[in-house]
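The block underneath contains the structure these notes are about, expressed in structure tokens.
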Amino acid sequence: MSVSLAGKWVVITGASSGFGAAAALAFAREGACLLLGARRLDRLEAVAAQARAAGSPQVLAHVLDVTKTDSVASFGSWAQSLSARLDVLVNNAGGAKGLDPVATGKDDDWTFMLEANVLGVLRMTRALLPQLVASPGSSIINIGSIAGRVAYEGGAAYCAAKAGELQITRALRLELSGTGVRVATIDPGLAETEFSLVRFAGDAARANKVYEGLTPPTAEDVAETIVWVAT
Ligand code: NDP
Ligand code: 8X3
């Protein structure tokens with residue numbers, strides 16, 4: 001049996017591009033109310049405007065950096081001031097930096113990947129858990145990756161981070177058993193978004209090469225799966 005999302009409160013992290021932006025529009029078409037977070041507020045506001053036009057009764061955007069505890073706390077207080085209950089948390093913010101083998105890996109890249117993909121999920125979940133528990137039937141949907149299950153050269157830190165996300169999902173599922181909060185991971189394979197542009201520090205030629213000769217899934221395909229899991 002699927003659940004109606006009309007009027008439900010959905011939080012999406014990393015909603016300024018890619019899967020998160022597409023998910024915002026997909027939830028909007030279901031009539032959900034949206035709280036969107038990311039670091040680039042201008043991009044977030046543009047997605048919010050599209051989501052309103054797509055049918056969401058309420059869309060609000062707030063700057064969010066999941067690598068910073070203070071920023072997550074501020075987002076959490078803002079969300080609390082808007083709704084005592086939350087129905088869906090999509091922990092999507094994250095990504096990769098670099099494709100170096102361990103031998104030449106950069107501390108800054110490793111720190112970002114572990115902070116954003118692992119600690120970000122923990123921080124966001126901790127901050128919003130009281131509002132999710134207040135709404136039995138709510139869902140936490142973490143965006144992992146096939147990289148959390150299968151390693152590749154140059155992917156040590158990113159694969160470790162996404163394997164970490166998978167274990168967070170598993171632990172949370174046990175911890176929240178009996179609360180009515182469902183916990184899921186979606187582990188896409190390679191899909192065409194700004195992921196590779198970010199990984200290669202804005203080198204568009206290198207990023208485009210990743211998708212050459214392929215017909216990868218789109219952000220909209222993944223968004224459709226996120227909405228399906230939420231229902
Ligand atoms: P994009 O680069 O298009 O989107 C990433 C989103 O995450 C942006 O909205 C970005 O916003 C946000 N983000 C990054 N760092 C932070 C941060 N510190 N705090 C808050 N928001 C942040 O890539 P995708 O849409 O592809 O990536 C979304 C998720 O999907 C990531 O977790 C990624 O690892 C995962 N994934 C991607 C796959 C792919 O092939 N594309 C496959 C499997 C998983 P901003 O910069 O404005 O903060
Ligand atoms: C992103 C997909 O295969 O490029 O998570 O690591 S992959």
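The values are calculated or read from the model by the stated rules, or taken from the named source; none is laboratory data. In this text the structure is predicted, and so the values were computed from the model without any measurement. No Cβ is skipped: glycine too gets one built from the backbone with ideal geometry, and neighbour counts run over all protein chains shown. SASA here: full protein model, heavy atoms, side chains in, ligands and nucleic acids out. Shrake-Rupley method; radii C 1.70, N 1.55, O 1.52, S 1.80 Å.
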Of R173, R149, the only residue that is within 19 Å of the chain's Cα centre (by Cα), more than 14 Å from ligand 1 (Cβ to nearest atom) and not acidic (D, E) is R173
If I ask for residues that are surrounded by 18 or more Cβ atoms within 10 Å (Cβ to Cβ) and away from ligand 2 (no atom under 11 Å from the Cβ), which ones from the range 208-224 would you list? A219, A223
For the range 28-68: of the residues being within 15 Å of V10 (Cα to Cα) and open to solvent by 70 Å² or more (accessible area, probe 1.4 Å), which is farthest from the chain's Cα centre (by Cα)? P57
Here is a list of conditions, (1) in contact (Cβ under 8 Å) with a residue 40 or more places away in the chain; (2) open to solvent by less than 60 Å² (accessible area, probe 1.4 Å); (3) of a type in the set (G, A, S), and S71 meets all of them except one; can you say which number that is? (1)
The range 168-197 - residue that is assigned to a helix (DSSP H, G or I) and within 11 Å of ligand 2 (Cβ to nearest atom) and, of those, farthest from E212 (Cα to Cα): F195
Would you please list the contacts, defined by Cβ atoms under 8 Å and residues six or more apart or on different chains, that run from a residue in the range 85-103 that is assigned to a helix (DSSP H, G or I) to a residue that is at pLDDT 95 or above and within 13 Å of ligand 2 (Cβ to nearest atom)? V102/A156
The residue from A61, A51, A15 that alone is of a type outside the set (V, I, T), in a helix (DSSP H, G or I) and within 16 Å of ligand 1 (Cβ to nearest atom) is A51
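Within the range 187-203, take every residue that is free of Cβ contacts under 8 Å to residues at least 60 places away in the same chain and open to solvent by 20 Å² or more (accessible area, probe 1.4 Å) and give me the one that is farthest from ligand 1 (Cβ to nearest atom). It would help to see each step written out before you state the result.
First, pick out the residues of the range 187-203 that are free of Cβ contacts under 8 Å to residues at least 60 places away in the same chain: 187, 189-190, 192, 196-197, 202-203.
Narrowing the set further to residues that are open to solvent by 20 Å² or more (accessible area, probe 1.4 Å) leaves 187, 189-190, 192, 197, 202-203.
On the way: D187: 7, G189: 6, L190: 4, E192: 7, L197: 7, G202: 11, D203: 14 Å.
If we take residues in the range 187-203 being free of Cβ contacts under 8 Å to residues at least 60 places away in the same chain and open to solvent by 20 Å² or more (accessible area, probe 1.4 Å), then D203 is farthest from ligand 1 (Cβ to nearest atom).
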Residue in the range 122-167 that is farthest from T179 (Cα to Cα), counting only those that are in a loop (DSSP other than H, G, I, E, B) and open to solvent by less than 40 Å² (accessible area, probe 1.4 Å): G154
So which residues in the range 66-108 are within 16 Å of ligand 2 (Cβ to nearest atom) and either closer than 25 Å to I226 by Cβ or among the polar types (S, T, N, Q) (or both)? V90, N91, N92, A93, G94, G95, A96, K97
Could you pull out the residue among W110, W78 that is at pLDDT 95 or above, in a helix (DSSP H, G or I), in contact with a helix residue (DSSP H, G or I) (Cβ under 7 Å, 6 or more places away or on another chain) and not aliphatic (A, V, I, L, M)? W110
